[in-house]
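So the structure is just underneath, and the comments pick up after that.
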């Protein structure tokens, strides 16, 4: 048995030639002795150890550094590469632009995430500041919200002395509108308490922020507002609707996770309207605690948990399917928090994850493109390589040649990518609503440099190694060897893979675009621009009088007594039991209670299972699609069964309501129902207004409200505005995802352009001959497109089912779920094919317009 | 004597060469030292010592026969020179002087 080959070769490589015979002989003699005595493994281990211990100065041969590498050859390789790249300008430009664009986009994405992490760093004692989130659980789901019930503030002040300061931010469900520079502007108003500036000490630019606590009319505006609408010298004391500006602070979105236009002081406390002060309302308040340095986070958390336990006991006593857990979140984690309603940042934790995945896909596609084009370029130079092999070029020389080209191209592209980023970043930062860091850190530059280098090494080494292992004769041969993988097979395979990836991304992007459009213009059964909700200060018998007077106001077409306001508050996840098998629905149901006037409101969305009842005498349910699916079983269909909310009253489901959602605007659809009573007494009303004279009607309602409840603020809820607001962050996320997907598609298409360039060039002579024989442009284009059609078909057959599976399994559930139909695939495939065919046709144009004499001259 | 300094390991190598006489080559020297001292020395350490000894002219070498076990490679045999022998004698004399001094002291106390 011979000595281990690797270690013997290693020894031969480093050992001084004058010692080698003696040392290798001794080692071999000892190896064979050990083999006989102790076996193969011991002998190999011994040999390995001895070779390693021979790595010492007295044994190693001396190699002058300059002879380690043949620098003249390396220089020549780079010179040849530059010449080649200059010769094939279009190919070089394509690679450079494609890669530079990919690097630039990735830098934007990475910097957006990095910028996110820089938020909230400027606040004093930031390590002692926490936000309180609410983990709210019911039978339907569990969700973490960056909000708390209003009453929690008082409990913290009474029971948690470790909290040095407690800042409140309350934002109304509705925004605020003011006329500025001749047009109506929607502005975000935050109501804050006196501790706000002690916890979050934004830089004050003009005026005195504490003036807002002396007079409720005084407000603070942001620098962004100042720059848009006012002049610094006259801003203090200026009127802004019902407010007076008393101070200006730095723009919050540039330094923190919060985003607002105005700070006011209209705080609601535990004595506010029941709707606001209820423990079940958690949409309206954000709460921040700054603890004493000597107090512990664990102590405060334990006390918050104890408060939550008491609140949960209250819920249990009232049979409410809801429980809370209040959680502290350190300020440093807030910008990328997982909590819903995390405001002011473009990228929460979920969004960042998606961006990282898209960056990885983008870099993967870009690398694949690059390698593909490098392969195509190499294949186009088969004869050149064959001649060099015949003239005695070493393997290393061939590999070095390809490597030099790919390294030069990728480094130039990397530099361009950096320059592109530096040029565009300040413009993006100016227009962006969010903080965007325009500087690149050394880490970012280094990581992308290493990626570029790695990619160029792989895409240079692969063709180099392939060519160096093929004999010169085979390279000259035009005919393919049967049964063996040839270069042409490899090239075609890579084109098909590239086409498939492009199609996959295009189809998924098309699905996302359509789904987002569906959500944006969703036809919500309970939301319309003509509907408003009004909440009365208290629930008593006077509500009926109020309702009767409402019905008499001109311009009000319908008044529905409704418990639960869509998008803000349902009655919670309700127990929903089937009478025929006493089994409750596993997920519960989000419930609205209304009187029969709601039937007119939801009529366009309503489908009765049988005939509409003439008179409503007993209550009944109307269910949404998800509830119908979940309640129907093998024993009884939902229209045959009776259902209860946990009492002894079992009621039928008489119809379905399309587009009935609970609190969710975009994601996580839930089973929902409306329980219709002949009469309902409630403190909330849903008004359907006539489109004409809407503002006069609203004024009349306001007057009626103030007459009945003097001193109470009239705050109607405009449901369509609330829906738009709720969809805001969803739309931002979709925009970011579609932007990156589009970049991936563009870069894939650039790869296709490159490949089509090579196809056109490789058929130059054939095209020349056909032109001479009288072929038309269309005939020539069809010749080139023949293989493209096949690639598109193969790509479509693979990409379509993959895209469908990916979208249906990996995507979230939406409130309005797009039903993927054959038309989506046909349109997606059709559009992509048109683009590809167009690109190739344009590429072919140049070749077909060339003079045949020129293209055939070199023959 | 100037220039005849001998390290402990080098002394062992020289002694092994003397003991092995005409059979002193890399493998046998290594085995001899391993056996006599109970220390396992590597071929690399031995090579360094042999190289230094040869540079100091304490030993000389010549190639011997090739064998199949050595992959057809020749053995390199080592012999001690007069200078090497002299340095060994000096090292031995110094040790003996130290030991007699210690013995005297022990007897006197």
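Annotations
- Selection of segment A:782-793 for residues being surrounded by 17 or more Cβ atoms within 10 Å (Cβ to Cβ) and in contact (Cβ under 8 Å) with a residue 60 or more places away in the chain yields A:784, A:791, A:792.
- Answer residue from segment B:55-70, given it is away from chain A (no Cβ under 11 Å) and touching a residue at least 24 places away in the same chain (Cβ under 8 Å) and is nearest to residue A:43 (Cα to Cα) among those: B:59
- Matching residues in segment A:513-558 - criterion: being more than 23 Å from residue A:711 (Cα to Cα) and assigned to a strand (DSSP E or B): A:531, A:556, A:557, A:558
- Some residue of segment A:659-666 being modelled with pLDDT of 85 or more, surrounded by 16 or more Cβ atoms within 10 Å (Cβ to Cβ), over 15 Å from residue A:582 (Cα atoms) and under 37 Å from the mean Cα position of the chain (by Cα): no
Conditions tested, residue by residue: (1) in contact with a strand residue (DSSP E or B) (Cβ under 6 Å, 6 or more places away or on another chain); (2) surrounded by 19 or more Cβ atoms within 10 Å (Cβ to Cβ); (3) in the same structural domain as residue A:165 (by TED's automatic domain parsing); (4) more than 30 Å from residue A:741 (Cα to Cα).
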| residue | (1), (2), (3), (4) |
| --- | --- |
| A:106 | no, yes, no, no |
| A:109 | no, yes, no, no |
| A:114 | no, no, no, no |
| A:118 | no, no, no, no |
| A:121 | no, no, no, yes |
| A:124 | no, no, no, yes |
| A:131 | yes, yes, no, yes |
| A:134 | yes, yes, no, yes |
| A:142 | no, no, no, yes |
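- Taken together, B:100, B:87, B:42 contain a single residue that is surrounded by 15 or more Cβ atoms within 10 Å (Cβ to Cβ) and away from chain A (no Cβ under 14 Å), which is B:87.
- Counting only helices (runs of 4 or more DSSP H) wholly contained in segment A:5-80, the ones carrying 1 or more residues that are modelled with pLDDT of 90 or more and within 14 Å of chain B (Cβ to nearest Cβ) occupy A:5-14, A:17-38, A:40-53.
- Scanning segment B:16-39 for residues that are more than 10 Å from every other protein chain (Cβ to nearest Cβ) and touching a helix residue (DSSP H, G or I) at 6+ places or on another chain (Cβ under 8 Å) turns up B:16, B:17, B:18, B:19, B:20, B:24, B:32, B:33, B:36, B:37, B:39.
- Residue among A:683, A:756 that alone is buried (at least 18 other Cβ atoms within 10 Å of the Cβ) and closer than 30 Å to residue A:98 by Cβ: A:756
- Helices (runs of 4 or more DSSP H) fully within segment A:767-859 counting 2 or more residues that are out of contact with any helix residue (DSSP H, G or I) (no Cβ under 6 Å at 6 or more places or on another chain) and at pLDDT 85 or above: A:777-810, A:822-849
- Exactly one residue out of A:475, A:536 is more than 33 Å from the chain's Cα centre (by Cα), surrounded by 13 or more Cβ atoms within 10 Å (Cβ to Cβ) and modelled with pLDDT under 70: that is A:475.
- The residue list B:94, B:33, B:17 contains one member that is over 29 Å from residue A:46 (Cβ atoms) and part of a helix (DSSP H, G or I), which is B:94.
- Just one residue in the set A:615, A:630, A:611, A:579 is touching a strand residue (DSSP E or B) at 6+ places or on another chain (Cβ under 6 Å) and assigned by TED's automatic domain parsing to the domain that holds residue A:661; that residue is A:579.
The values are calculated or read from the model by the stated rules, or taken from the named source; none is laboratory data. None of the values given here were measured: they were computed from a predicted structure. Backbone-built Cβ (ideal geometry, glycine too); neighbour counts: all protein chains shown.
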